[in-house]
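The values are calculated or read from the model by the stated rules, or taken from the named source; none is laboratory data. Since we're looking at a predicted model, the values are computed, not measured. Note that we place each Cβ from the backbone using ideal geometry, even for glycine, and neighbour counts take in every protein chain shown. Heads up: the accessible areas ignore ligands, DNA and RNA and are worked out on the full protein's heavy atoms, side chains in. Shrake-Rupley method; radii C 1.70, N 1.55, O 1.52, S 1.80 Å.
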Amino acid sequence: MPKEYFVSLHDHKSPPTYRFFNGEKWAESLTGKTIDVISPLDNHILGKIQLVSHSEIDQAIERAHQAQLLWRDIPMIKRAQILHLASDWIRHHEHYLTTILIKEIGKTLAEAKDEILRSADMVDYFANEGLHIKGEELSGEAFPGYDQTKMAIIERVSLGVILAIAPFNYPVNLSVSKIAPALIMGNSVVFKPPTQGAISSLHLTEIFRLAGVPDGVIVTVTGGGSDIGDYLCTHSGIDMVTFTGSSQVGKSIAEKIGMIPILFECGGNNPAIVLPDADMHSTAVEIVKGAFSYSGQRCTAIKYVLGLSPTIDKLLPIVVKKTKELIKMGDPRSEGYNLGPVISNAAAEEIEKRILMAKAAGAKIVYGGEQKERYIEPTILEGVKPSMEILRIETFGPVVSFIKVKSIDEAVKIINGSNYGLQASVFTSDEGAGIKLAQQIDVGTVQINSKPQRGPDHFPFLGIKGSGIGVQGIHYTLEAMTRFKPIVLNKPQ
Ligand code: G3H
């Protein structure tokens, strides 16, 4: 039924070929080249997306630029109304979008539904909060040497054309978290969806259009990151880049991009420290959920657990028991399964390779460890060293490693020595001790007695070191997508 709204997106072949939105219409690329979108569930081709050319990108960015000049002058309340309508559309099509998401990226029904509804809530929140982002007013007299003749009216203005690059693991939510704040603050958006996730992202583009976002204010260009990523990021028509993806890609973009603002959310590789006084049962449940939800393909997943030897000896058997009880691996379309496949055969092979390398280097597989095509058993390793590849680089799969340390100081040293710094968890029954420890850990956010997570979405969300640049979270993202524009009044003496 909802399909009737989305007929312009693709042709009627099987599998369908999707078009890209060039700012004027849904179009086929003149390259004549397409890329297959393959379902991780059964490896069948769900559809094909356009590989757009550089000149099509040039034209789309020029349209985005021209459209932004008009969009920024539309009153914010009107822009907010359009966004509220978009969130209504997202909610209205929740079932349809959820179904696409399950097939396209292999989420479970609960995970996919949550992503869609969270996205609708996020759009509303951005629209409401945008109305409260304001500039300020300063008088010159507050600084020595100036008298009352200067006054600055400091406006917050849009940046221009924002390039939004979204990852496969949240193709709707981590697109909305970029597109909605950009739009409400008067920017236009050049949207580059992930290849797996592109079909949901193209639907999202159409939803924004149907809600009333004018032509050109959003343009959506598709193609592989290696085909069009560098061209987009270094394009002179782009005024800001907001990106979610791996630390390796983030670093490479940051090196090329030049002097424009960036907002990057990159790899996590998040640790948990378990203190001896922690409640072992609730800690184990948080570790299991933190490590294995969406098959460990979240930048906020728990990747390793540190504790003193007696703590790990107590905790590890409980984590294994809870994993057996709570995690059921299988096709997420069938009821009862909550651990689906990882995104591709190549990803699964890489994860399995790292597990086997860790084993060969002395780590012990305590649970799981087997790979069958894109399915990786929930895997628990012990005796892992931070230098092993499974831990040195973020492993985007359902694997968690346990490390025994001689002291909590050693645990902090391991975390602070890592190239990542998104989040960390501390488990303890003494909140004071938890806060004290949190203050020593060099990451964006420390969670006490919970797994790492981005939400609630109005909290600041940031990574340090290889985990990101800039601060997201409703209010913070809105500010990041504007700049100050002081206008100084000089009164005659
Ligand atoms: O993968 C990165 C996401 O920002 C993680 O979000 O903690 O809500 O799963 P989440």
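Below is a table of values for the structure above.
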item: Failed condition for Phe168, given (1) open to solvent by 10 Å² or more (accessible area, probe 1.4 Å); (2) away from the ligand (no atom under 16 Å from the Cβ); (3) of a type in the set (A, V, I, L, M, F, W, C); result: (2)
item: Sole residue being in the same structural domain as Tyr420 (by TED's automatic domain parsing), open to solvent by less than 40 Å² (accessible area, probe 1.4 Å) and modelled with pLDDT of 95 or more, chosen from Thr477, Thr445; result: Thr445
item: Set Phe264, Phe208: member being buried (at least 23 other Cβ atoms within 10 Å of the Cβ) and within 13 Å of the ligand (Cβ to nearest atom); result: Phe264
item: Residue match in the range 213-222 (condition: open to solvent by less than 10 Å² (accessible area, probe 1.4 Å) and within 22 Å of Asn43 (Cβ to Cβ)); result: yes
item: Selected residue [touching a residue at least 60 places away in the same chain (Cβ under 8 Å), within 15 Å of the chain's Cα centre (by Cα) and more than 16 Å from the ligand (Cβ to nearest atom)] from Leu163, Leu97, Leu159; result: Leu163
item: Enumeration of residues in the range 267-305 that are within 16 Å of the ligand (Cβ to nearest atom) and assigned to a helix (DSSP H, G or I); result: Glu286, Ile287, Val288, Lys289, Gly290, Ala291, Phe292, Ser293, Tyr294, Ser295, Gly296
item: Checking Gly421 against (1) open to solvent by less than 60 Å² (accessible area, probe 1.4 Å); (2) without any contact (Cβ under 8 Å) to a residue 40 or more places away in the chain; (3) not hydrophobic (A, V, I, L, M, F, W, C), the condition it does not meet; result: (2)
item: Failed item in (1) on the phi > 0 side of the Ramachandran plot; (2) in contact (Cβ under 8 Å) with a residue 40 or more places away in the chain; (3) open to solvent by 10 Å² or more (accessible area, probe 1.4 Å), with Gly32 passing the rest; result: (2)
item: Of all residues in the range 147-176 being in contact with a helix residue (DSSP H, G or I) (Cβ under 7 Å, 6 or more places away or on another chain) and assigned to a helix (DSSP H, G or I), the one that is farthest from Ile57 (Cα to Cα); result: Asn173
item: Any chance Lys451 is open to solvent by 10 Å² or more (accessible area, probe 1.4 Å), at pLDDT below 95, on the phi < 0 side of the Ramachandran plot and not assigned by TED's automatic domain parsing to the domain that holds Asp239; result: no
item: Flag for Ile199 being within 25 Å of His458 (Cα to Cα) and surrounded by 23 or more Cβ atoms within 10 Å (Cβ to Cβ); result: no
item: Subset of the range 419-472 that is in a helix (DSSP H, G or I) and either touching a Gly at 6+ places or on another chain (Cβ under 8 Å) or of a type in the set (Gly, Ala, Ser) (or both) - its residue that is nearest to the ligand (Cβ to nearest atom); result: Ser467
item: Residues that are outside any loop (DSSP other than H, G, I, E, B), surrounded by fewer than 18 Cβ atoms within 10 Å (Cβ to Cβ) and among the polar types (S, T, N, Q), drawn from the range 386-418; result: Asn416
item: Matching residues, the range 235-252, being more than 14 Å from the ligand (Cβ to nearest atom) and part of a loop (DSSP other than H, G, I, E, B); result: His235, Ser236, Gly237, Ile238, Asp239
item: Verdict on Gly383 being open to solvent by 50 Å² or more (accessible area, probe 1.4 Å) and over 14 Å from Gly296 (Cα atoms); result: no
item: Among residues of the range 215-234, those that are over 20 Å from Phe264 (Cβ atoms), among the polar types (S, T, N, Q) and assigned to a helix (DSSP H, G or I), counted; result: 0
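Per-residue answers, yes or no, for (1) touching a helix residue (DSSP H, G or I) at 6+ places or on another chain (Cβ under 6 Å); (2) within 14 Å of Pro398 (Cβ to Cβ); (3) buried (at least 20 other Cβ atoms within 10 Å of the Cβ):
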{"position": "Ser295", "(1), (2), (3)": "no, yes, yes"}
{"position": "Cys299", "(1), (2), (3)": "no, no, yes"}
{"position": "Asp313", "(1), (2), (3)": "no, no, no"}
{"position": "Ile327", "(1), (2), (3)": "yes, yes, yes"}
{"position": "Arg333", "(1), (2), (3)": "no, no, no"}
{"position": "Ala346", "(1), (2), (3)": "no, no, no"}
{"position": "Glu350", "(1), (2), (3)": "no, yes, no"}
{"position": "Lys364", "(1), (2), (3)": "no, no, no"}
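This table checks each residue for (1) open to solvent by 10 Å² or more (accessible area, probe 1.4 Å); (2) in a helix (DSSP H, G or I); (3) more than 16 Å from the ligand (Cβ to nearest atom); (4) not assigned by TED's automatic domain parsing to the domain that holds Ile343.
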| residue | (1), (2), (3), (4) |
| --- | --- |
| His84 | yes, yes, yes, yes |
| Trp89 | yes, yes, yes, yes |
| Asn128 | yes, yes, yes, yes |
| Gly145 | yes, no, yes, yes |
| Lys178 | no, yes, no, yes |
| Pro181 | no, yes, no, yes |
